[in-house]
Every structure is written in C-alpha cells, then in structure tokens.
Amino acid sequence: MDTTVNTILNFADAAQRLKSVVNRTPLTFNLNLSKKYQCNIFLKREDLQVVRSYKLRGAYNMMSSLSAEQLQRGVVCASAGNHAQGFAYSCKKLNCKGVVFMPVITPNQKISQTKMFGEDNVTVKLVGDTFDDCAIAAKKYTEENNMVFIPPFDDYKIIEGQGTVGVEILEQLNEEENISYQSSERSSTYPFPLGRIGGADFLFIPVGGGGLSAGVGTYFKTFSPKTKIIGVEPEGAPSMFEALKAGHPVTLDNIERFVDGAAVKRVGEITFTVCKDVLDDMHLVPEGKVCTTILKLYNEDAIVVEPAGALSIAALDDYAAEIKGKNVVCIIGGGNNDIDRMQEIKERSLQYEGLKHYFLIRFAQRPGALKEFVNHVLGENDDITRFEYMQKHNKETGPALVGIELKTKEDYEVLLKKLDQYHINYTELKSGDNAFGYLV
C-alpha cells in the first residue's frame, strides 16, 4: 500500500474531531446470520447513526477542517441522499451557510430530511433531471459565489472521516464487552466462546464512489492486515468493478439507480487509487438479491436498511464456503429507506427469487375461458396478483396482462407445462424487455 496515503490520512485526529458529533454505532453480533453461515457475523450498524448513515463522518470531518474564513464564505454540496443529510447536519453544527443542490426528481422525503437537519443554515436548490446535471450546476455555483465545495467521496478528508468506522470496529472487536448481544446470544456459547473473538477474518464493505472502502480499507490494512476486505457493489452500477478491471476510473454510460446510495457512474480518482491497493476482492450483487436481503433483515431481525445498506450482507451467500468458521464483519451503511419503496422492493425480490412472473395471455373470447385457465392451468398455490383484460369486439381473442405469484421456484416449470398442455396463447414478459418496463 502507498505509504504516502497513510501520511495524509490521520484517522486518530478524525476520530477526535468526530467524537462529540457522531454516534459510536454498535457492533452487533447477529445470531441468525451466524447460524446460517456457520461463522461469527457482526454488523456495524451505521443505520443507527445520527443522520442514519455513515456519510456524516466524512462531511463533518472535512468541513470542521476548513479555516474560519472558508466556513464564513459558505459551503456547497450536490446530493440526492445521505451525503446531503450529513452535510446539512454539519452546517447546523458548525453554524455555517450551506447550499444543497438536488435533482428536480428528488423525493420530497429526502428534501424534507435535509431541511430538517440543516434548519436555517441550509438552502436547497432543485436543479436538473439527473445527478450529473445537478453536480455541474453545484460546482458552477460554488465558483461563482467563492464558496467551498464538499464532495461526496473524492477527497482525503472525506475518506479520513469515513475511515473512523474502521477505527470503531477494531476497537469494539478488541474489547468484547463493547459488542452488542441480545441476552439469549450472550448466554450461548454458539458459535464462539465469548471473549475469544480475535479480530476479523473478513470485512464486507458497500462501495459507491469509494470513500468508505478507501478509508476503512486503509485503516484495516494498517492495523489488521490479515483481514480480507471485500468491496460490494450493485450489479447495475459496477463503477469500481470496471475501474479495477480497466486499471483506472471509467465513466459508465448507463447505470441502474435502484441502489441509490451506491449507484455512481464514475468512482473518484483518489478513492480508486486507494481502493486498488486495499480491496482484496470486488463483488457484484444483483438488485433483486439486495431486495430479498432488505426484507429478511426486516422480518427476521427488525432491522430497517436502505438498499445500499444491505449490500454487504447480500454478498454473504457467494462467500459461504470461505467464511465458514471465521469472524466476519458487515458494514450496514445506512437506513434511510423510504417506506413508499417497500412495494417495489417486494416486487423485485419476488422476481429475483423466481416467484413472480408476468404474461400476456390471449384468451379466447368465449364464456368460460378464464374459468378454465384458473381451474386447469393454475396450481393449487399459484396466485393471480395482477389481471388487466381488454375485450376486443369482432376478434377471436382478447389480451390480458396477468401477474402470477408462485409458492416455490419449482412451480414455474409446472406452470409453463400447463400453459402448453392447455394450448394457452401466451407471451412471457422478461424484466429486460421494453414491453416489461412499459406494462409492468
């Protein structure tokens, strides 16, 4: 690892600056996940941070390092999510003027949260239809008004602040009494004898622009070099994955923005330079898998995470053999999940698990056609969750959009056989098709 990076990044000073500002979030032993993967899994709960994400650490660390004259001139950021909220909270705490640029399409909930944390110290400007348009406008405004731009990830002070997550993890692992347990977990010797944790063998970190992975990765490589560090990105926004493959940051033409806290078109120049040395592996997780993980965490552990916050846990299935019997830490990056998204999250999860399918079915326009379909084609546990039918006059068939939810993945092949057996005229809609996006 480049020794100059260690010279620039002073995590001890950053931790001291942040001591009275951020929550020292719990490192929680998770019994359900530990049993599932036959190892010791600990969750670093940054979803319980003051602004419900780790982003406050980097924003406050950079802003509190500015001179009084720079703070007096004011600060600017471009963000539609967690960085904006950390920035706004920091503006209020440091009593400086801040301007937040957000895309016009930003949900009202995120705008309201940003205003709530910043109060009178923050002004929100809605500009552009995309984040890229918004960022260009923010930087132009910064120059025109002689203010200071606070980037979301590509700055040493931002990286240094995010790295304090790693400082806390190692402190908590080295002092077993600082790890959170439920009483039933503490009384159990499964899966390890309490007090004999012995550090982390694996660390899973969500990756967006690379600020968190660069900071925490650098700290671990310095103070826990044996820990294997895995960066995790959404499959639809593989910016760090492609950068590492190319040997330099690349700009992706199109990205899937569902995992909004980790969906960037291009990672930072600084963060890439650091991450290429500190990440042992870079892994991609399908968005549907992220959705399944969100629902399981909520249903089994009552933990509410945003899509980016679920990335590290969503990767565990693909490392099950490697992590067995090991000590594993997963960073939950944030919990700013809009409740309005839950229906979409459930839908994506069902499709990923192979339990939800959509068909265009051309029913014969005669009495009893639908009844025959329900009685003979659908299985006992199959459920119609969507049905839209348009009767066509003077035509033999009428099209219907039918959504079917299955009990098990294996029921899908049975359903297709029944459709063919009863000569049903159908077309299955796949998620990548234009028709799927238009109709579903």
Query raised in the report: So for the range 335-376, what percent of the C-alpha to C-alpha distances run longer than 15 Å?
Result: 64
Report summary line: Across 5 Å bins beginning at 0, the whole-percent shares of Cα-Cα pair distances in the range 38-159 come to 2, 13, 22, 24, 20, 9, 4, 2, 2, 1, 0, 0
Query raised in the report: Taking the alpha-carbon set of the range 324-440, what are its Rg and Dmax in Å?
Result: 18.4, 68
Report summary line: Long-range amide H partners of residue 326, meaning residues 5 or more apart or on another chain whose placed amide H is closer than 5 Å, are 40
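Remind me, relative contact order of the chain in percent, using alpha carbon pairs under 8 angstrom and six or more residues apart?
Rounded, it is 15 percent for the chain.
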Report task. Based on alpha-carbon positions alone, could you give the equivalent ellipsoid semi-axes of the chain from the gyration tensor, as √(5λ), descending, whole Å? Result -> 43, 29, 18
Query raised in the report: So which lysines pass the test for residue 125, namely a Cα distance under 23 Å, with those fewer than 8 places away in the same chain ruled out?
Result: 55, 92, 93, 97, 110, 115, 139, 140, 265
Query raised in the report: Within the P(r) computed for the range 95-136, what percentage of the Cα pairs occupies the region above 15 Å?
Result: 39
Query raised in the report: Mind listing the phi-derived Karplus ³J(HN,Hα) values for the range 137-145, rounded to whole Hz, using 6.51, -1.76 and 1.60 with θ = phi - 60°, and x for any glycine or proline?
Result: 5, 5, 5, 5, 4, 4, 5, 5, 10
Report task. Mind ranking 123-133, 368-378, 149-159 by how tightly packed they are, going by the mean number of other C-beta atoms within 10 angstrom, highest first? Result -> 149-159, 123-133, 368-378
Report task. Please turn the phi angles of the range 423-434 into ³J(HN,Hα) values with the Karplus equation 6.51 cos²θ - 1.76 cosθ + 1.60 (θ = phi - 60°), one per residue in order, whole Hz, x for glycine and proline. Result -> 6, 7, 7, 9, 10, 7, 8, 9, 4, x, 7, 4
Report task. Could you tell me what percent of the accessible area of the chain is made up of carbon and sulfur, with a 1.4 Å probe and every protein chain present? Result -> 48
Query raised in the report: What Kirkwood hydrodynamic radius, in Å, does the range 244-358 give when the mean of 1/r is taken over all pairs of distinct Cα atoms and then inverted?
Result: 15.7
Report summary line: In whole Hz, the Karplus estimates of ³J(HN,Hα) for the range 374-386 (6.51, -1.76, 1.60; θ = phi - 60°; x where Gly or Pro) are 5, 6, 10, 8, 6, x, 4, 9, 6, 10, 7, 9, 8
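Need the full-extension length gain, residue 145 to residue 433, defined as separation in residues times 0.36 nm minus the C-alpha distance. One decimal, nm.
That works out to 99.1 nm of additional length.
Per-residue ellipticity at 222 nm for the chain, helices alone: DSSP H runs ≥ 4 residues times -39500 (n - 2.57), over residue total, nearest 500 deg cm²/dmol?
On the way: 21 runs with 182 residues, N = 440.
Mean residue ellipticity at 222 nm (helix-derived): -11500 deg cm²/dmol.
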Query - Cα-Cα separations in the range 191-322 greater than 28 Å, expressed as whole percent - result: 17
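With the convex hull built on the Cα atoms of the range 222-297, state its orientation-averaged projected area in nm². Provide the component values of the computation, followed by the final result.
Values: hull surface 23.6 nm².
Directional mean of the projected Cα hull area for the range 222-297 stands at 5.9 nm².
Among DSSP beta bridges whose residues both lie in the chain, state the antiparallel percentage, nearest 5.
Numbers: 23 of 55 bridges.
The antiparallel proportion sits near 40 percent.
The values are calculated or read from the model by the stated rules, or taken from the named source; none is laboratory data. What you are looking at is a predicted structure, and each value in this text was computed from that prediction instead of being measured. Cβ atoms come from the backbone with ideal geometry, glycine included; neighbour counts cover every protein chain shown. Surface areas here come from the heavy atoms of the whole protein model, side chains and all, with no ligands, DNA or RNA. Shrake-Rupley method; radii C 1.70, N 1.55, O 1.52, S 1.80 Å.
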